[in-house]
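Below is one structure, written out as structure tokens; comments come after it.
The values are calculated or read from the model by the stated rules, or taken from the named source; none is laboratory data. Computed from a predicted model, the values in this text were never measured in an experiment. Note: ideal-geometry Cβ built from the backbone for every residue, glycine included; neighbour counts use all protein chains shown.
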Amino acid sequence: MDQYRVFGNPIKQSRSPFIHQKFAEQTNEQLNYQSEYVEIGEFAQAVQHLISVGGKGANVTAPFKEEAMALCDKLTERAKLAGAVNTLSFVNGEVWGDTTDGDGLVNDLLANDVVLKNKKILLLGAGGAAKGVILPLLEQSPAQLVVANRTVSKAEAIIQQYPKHPITCCSFEEVTDHKFDVIINATSAGLNGQALPISEEVIQQNVTCYDMTYGKTLTPFLQLAKQRNAVKLIDGLGMLVGQAAVSFAIWRNTQPETKQVLALLREEILK
């Protein structure tokens, strides 16, 4: 049976084995997908061991996404721009790297009837989570994508990679425009006790608010959005299932359907 893994540290919380098991059942694919805890400094060895036992691919989560990129013989354009890899494929003795987070995000937004074309999007954060989604967002032809970050130089470094696109950056304090159509939170602010990074006045009634994180209840960002009567609140669980679906399609050349799996995962989390 074809072997797949998700590598991380920590990894116990990973929902990926559940998701990929459901995809396999749905598409009648035979595979064994498990989570594997990897000690810091032992990631390359873990990948080589999986290859040595006939592994076909792996997902990569924190803190190994940049290290995974360094191992790759081939990279997709979106992985190069993201500076990180979450999907490894082992092909003819080579390691191929891709990042599927951005497509997972965009597909989830579209599945929730969120229009991105010609819209004004605010992306909060300029870390790895943000970098991985920028190209797929720009491919939806928004009117403007604004990247806001506490350290503006980090955001500036990102937007310089996209000279032909309508993308700008600013500090959190400089976000005073109230005319955004979609606000995407790619920071951990709110979850770790920190204040949310932007003024609550930026969240208007006609705004869709999306948080890349998720939990049993609304995240602090989505709680604020609810208080501000934002038109639509979406957490990152659909993005998690969506990025897994893109990885699965890369490996198995068949596209799983995400709606049912997302519903099942939501039930699992609420137990």
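A single entry from 103, 98 fulfils the requirement of being modelled with pLDDT of 95 or more, surrounded by 15 or more Cβ atoms within 10 Å (Cβ to Cβ), in contact with a helix residue (DSSP H, G or I) (Cβ under 9 Å, 6 or more places away or on another chain) and within 23 Å of residue 263 (Cβ to Cβ): 103.
Pairs only if they're at least six apart or on different chains, beta carbon under 7 angstrom, first in the stretch 16-38 and farther than 10 Å from residue 4 by Cβ, second among the polar types (S, T, N, Q); list them, first residue then second. Every condition considered, the pairs that remain are 27/254; 29/254; 35/14; 35/16; 37/9; 38/9.
Residue 121 satisfies every condition listed in (1) outside the structural domain of residue 189 (by TED's automatic domain parsing); (2) surrounded by 22 or more Cβ atoms within 10 Å (Cβ to Cβ) except (1).
Screening residue 29 with (1) under 18 Å from the mean Cα position of the chain (by Cα); (2) under 22 Å from residue 241 (Cα atoms); (3) of a type in the set (D, E, K, R) gives one miss only, at (1).
Within the stretch 72-95, work out how many residues are small (Gly, Ala, Ser) and at pLDDT below 95. Talk me through it step by step, then tell me what you get.
The initial filter retains those residues of the stretch 72-95 that are small (Gly, Ala, Ser), namely 79, 82-84, 89, 93.
Still in the list and also at pLDDT below 95: 82-84, 93.
Adding up the residues that qualify gives 4.
The numbered conditions (1) farther than 30 Å from residue 263 by Cβ; (2) in contact with a Phe, Trp or Tyr (Cβ under 8 Å, 6 or more places away or on another chain); (3) surrounded by fewer than 14 Cβ atoms within 10 Å (Cβ to Cβ) are all true for residue 75 except (3). Considered as a group, the residues in the stretch 1-37 that are surrounded by fewer than 19 Cβ atoms within 10 Å (Cβ to Cβ) and among the β-branched types (Val, Ile, Thr) include one that is modelled with the lowest pLDDT, and that residue is 11. Would you confirm, using the coordinates I've provided, whether residue 116 is in contact (Cβ under 8 Å) with a residue 60 or more places away in the chain, assigned to a loop (DSSP other than H, G, I, E, B) and under 22 Å from residue 237 (Cβ atoms)? Yes, satisfied.
Is the stretch 41-61 home to any residue that is on the phi > 0 side of the Ramachandran plot, modelled with pLDDT of 95 or more and of a type in the set (S, T, N, Q)? No, the conditions are met nowhere in the stretch 41-61.
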